1. Answer yes or no as to whether Arg21 is closer than 27 Å to Asn143 by Cα, out of contact with any helix residue (DSSP H, G or I) (no Cβ under 9 Å at 6 or more places or on another chain) and assigned to a helix (DSSP H, G or I).
2. Inspect all residues belonging to the range 117-131 and state whether any of them is at pLDDT 80 or above and surrounded by fewer than 17 Cβ atoms within 10 Å (Cβ to Cβ).
3. If you check Phe35, Phe62, which single one turns out to be aromatic (Phe, Trp, Tyr), in a helix (DSSP H, G or I) and at pLDDT below 85?
4. Of the residues Gly218, Gly169, only one is of a type in the set (Gly, Ala, Ser) and either under 30 Å from Asp105 (Cβ atoms) or without any contact (Cβ under 8 Å) to a residue 12 or more places away in the chain (or both); which?
5. Which condition from (1) in a loop (DSSP other than H, G, I, E, B); (2) surrounded by 15 or more Cβ atoms within 10 Å (Cβ to Cβ) is the one that Ile68 breaks?
6. Give the range 1-29 a look and list any residue that's loosely packed, with under 15 Cβ neighbours inside 10 Å, among the hydrophobic types (A, V, I, L, M, F, W, C) and farther than 14 Å from Val74 by Cβ, or say none.
7. So, in the range 40-59, how many residues would count as being surrounded by fewer than 16 Cβ atoms within 10 Å (Cβ to Cβ) and of a type outside the set (Gly, Ala, Ser)?
Amino acid sequence: MSKKIMLVEDDHALAQAIKARVETWGYEVFTVNDFQHVTDEFKEKSPMLVLLDINLPFFNGFYWCTEIRRLSNVPIVFISSASDNMNIVMAMNMGGDDFIAKPIDLDVLMAKLQAIFRRSYNMSVAPNVLEHKGAVLNLNDGNLEYNGEQIDLTKNEFKILGTLLEKKGTIVSRDMLMTKLWQDDCYVEENTLTVNVTRLRKKLEAAGLADFIKTKVGQGYIIE
């Protein structure tokens with residue numbers, strides 16, 4: 001099932017930033033450019049969720065929310081800099097499912113979208129991720145997040161952690177990790193692997209993930 005989102009936002013730069021971020025999580029996003037005929041695009045594309053700004057050319061978001069509600073019960077999330085209580089109450093009363101104030105925190109936006117998809121469609125909306133003890137590795141963009149913080153990884157560190165998480169509960173030999181690192185036709189010495197694992201461990205420990213990767217002497221590494 002395609003997780004299609006209609007984005008109704010007249011700030012082009014913001015719309016592109018939202019689209020780029022949301023699509024890295026496996027969603028399909030289409031932006032509306034004709035702000036006089038929003039419901040026409042809605043009927044044509046049949047999105048599963050609508051992200052709707054309040055202040056728009058021609059007709060405001062409250063108007064379009066009412067028009068969409070005549071056609072569908074699809075989830076509608078308002079996004080607006082007009083975040084006073086009256087606008088939030090009005091958005092909910094008009095049939096909105098949630099309200100996100102500008103400037104938008106894209107991490108908060110993604111969390112809300114995932115929650116709404118789960119509630120509305122009883123479906124798993126997890127992107128291509130690996131998770132362990134609250135740490136989430138996004139295989140689409142290489143990001144590692146823990147407790148709301150992003151941990152920057154090098155390409156090699158990402159490959160090492162991804163391999164260990166894929167084989168969680170199993171000892172991964174140094175040879176297997178070396179093979180993963182060699183896939184870019186770049187020769188990697190054993191010492192390079194050791195250095196990368198050490199740096200990765202330090203980053204994990206600094207984020208509060210001590211003993212995340214354990215060494216099995218003479219065998220390799222494991223995430224238990």
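The values are calculated or read from the model by the stated rules, or taken from the named source; none is laboratory data. Source: prediction; values computed, not measured. With ideal geometry, Cβ positions are generated from the backbone for all residues, glycine too; neighbour counts draw on all protein chains shown.
1. Here the answer is no, as Arg21 does not meet what is asked.
2. Residues of the range 117-131 that are at pLDDT 80 or above, as a first pass: 117, 130-131.
Checking which are surrounded by fewer than 17 Cβ atoms within 10 Å (Cβ to Cβ) leaves us with 131.
Looking through the range 117-131, at least one residue is at pLDDT 80 or above and surrounded by fewer than 17 Cβ atoms within 10 Å (Cβ to Cβ).
3. Matching residue, one of Phe35, Phe62: Phe62.
4. Gly218
5. The number of the failed condition is (1).
6. Ala13, Ala17, Ala20
7. Just the residues of the range 40-59 that are surrounded by fewer than 16 Cβ atoms within 10 Å (Cβ to Cβ), to begin with: 40, 43-46, 55, 57-59.
Checking which are of a type outside the set (Gly, Ala, Ser) leaves us with 40, 43-45, 55, 57-59.
Residues meeting the conditions: 8.
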